[in-house]
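Computed from the coordinates by the stated procedures, all read-outs in this text should not be read as laboratory data. Keep in mind that this is a model prediction, so the values were computed, not measured. Cβ atoms come from the backbone with ideal geometry, glycine included; neighbour counts cover every protein chain shown.
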Amino acid sequence: MAEADTSAVSPVLDALINRASMPPRLFSDAAPARADIERMLEAAMSAPDHGAVHPWRFHLIEGEARNKLGDLFAEVLLDRDPFAPTAAIEKAKARPLRAPLIITVCAKVDPSRAPKIPVVEQVVTAAAAMEHLVIAAQAMGYGAIILTGPNAHAGKVRAAFGLDREDELLGFVYIGCADEPAPAKERPNAAEYTSEWNG
Ligand SMILES: Cc1cc2nc3c(=O)[nH]c(=O)nc-3n(C[C@H](O)[C@H](O)[C@H](O)COP(=O)(O)O)c2cc1C
């Protein structure tokens with residue numbers, strides 16, 4: 001078998017190996033260009049997808065819509081804790097304002113495709129699409145971070161994104177511009193998580 005020619009792939013490998021999430025506090029107000037958002041979404045379309053189910057859904061949240069998401073977060077907080085202090089309610093409302101763009105990524109699964117394509121495989125596909133999106137955003141020079149928290153799994157939030165019982169809200173991907181690179185992190189040693197399996 002011919003040896004793989006790895007010389008041409010270093011930019012891709014660099015993007016993967018050096019990927020790091022951008023803390024939302026570092027985002028400026030500048031929004032990603034529309035053409036760049038379309039490229040990110042195009043990158044998500046090449047996620048591995050058993051049976052071409054296309055179980056990914058992306059909801060772009062920008063401008064005033066971020067306040068609507070904040071109001072929903074505050075409502076969900078009050079459902080969980082009717083006596084939540086005002087400061088916590090205001091914090092919940094302000095959460096989506098930390099980035100100019102949030103892309104909510106959902107797994108909209110088709111249970112009728114199981115057992116050939118189990119629901120879990122469809123969720124994995126949508127999660128892979130989310131990671132493609134994040135890597136594409138970062139490769140284009142944007143900062144990005146996946147955030148969830150209890151809001152992502154609250155019934156009212158799930159309903160707002162049209163999710164049925166077996167669907168999942170996988171993450172709110174916060175995307176924006178930053179004046180400094182994402183903080184570099186020490187990564188785990190892959191060898192510690194790798195073994196030769198011989199049966
Ligand atoms: C599905 C998913 C949900 C996440 N939710 C949160 C979250 O709610 N809050 C948080 O601080 N980090 C969350 N993270 C982790 C961050 O996205 C990020 O990976 C973490 O800050 C570590 O930074 P790094 O990506 O540069 O290693 C989540 C990651 C994933 C994959």
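A DSSP coil position with no more than 13 other Cβ atoms inside 10 Å describes the following chymotrypsin sites (Phe, Trp or Tyr not before Pro) in segment 58-146: PHE83.
Remark: segment 194-199, residue by residue, has Karplus-estimated 3J(HN,Hα) of 10, 8, 8, 9, 10, x Hz, where x stands for each Gly or Pro and the curve is 6.51 cos²θ - 1.76 cosθ + 1.60 at θ = phi - 60°.
Given Cβ point charges of +1 (Lys, Arg) and -1 (Asp, Glu) and nothing else, what value in debye, to the nearest 20, does the dipole of segment 24-108 about its Cα centre take? Write out the running numbers ahead of the final one.
Details: 12 positive and 12 negative charges, 30 e Å.
Value, rounded to 20: 140 debye.
Longer than 27 Å from Cα to Cα, which of LYS91/LYS156; LYS93/LYS156; LYS116/LYS156; LYS68/LYS116 are they? Say none if no pair is.
Distance filter (> 27 Å) returns LYS116/LYS156; LYS68/LYS116.
In summary, no lysines lie within cross-link reach of LYS185, defined as a Cα separation below 24 angstrom excluding same-chain residues under 8 places away. Computed on the chain, with alpha-carbon pairs under 8 angstrom and 6+ residues apart, the relative contact order is 33 percent.
Among all stretches of the chain without exposed trypsin sites (Lys or Arg not before Pro) (DSSP loop, at most 15 other Cβ atoms within 10 Å), which one is longest? All intermediate terms of the calculation are to be shown ahead of the outcome.
Numbers: sites that count: LYS116, ARG165, LYS185.
By the stated rule (loop sites, at most 15 other Cβ atoms within 10 Å), 1-115.
Would you mind classifying segment 1-121 by shape? Square roots of the alpha carbon gyration tensor eigenvalues, ordered a ≥ b ≥ c; an a/c under 1.5 is rounded, otherwise it is prolate if a/b is larger than b/c and oblate if not. Oblate is the answer for segment 1-121, as a/c is 1.5 or above yet b/c matches or exceeds a/b. 3J(HN,Hα) along segment 127-144, derived from phi through the Karplus expression 6.51 cos²θ - 1.76 cosθ + 1.60 where θ = phi - 60°, amounts to 5, 5, 4, 4, 5, 4, 4, 5, 5, 4, 4, 6, 5, 8, x, 8, x, 8 Hz, with x in place of Gly and Pro. Entry note, segment 133-199: relative contact order of 36 percent, from Cα contacts under 8 Å with a spacing of 6+ residues.
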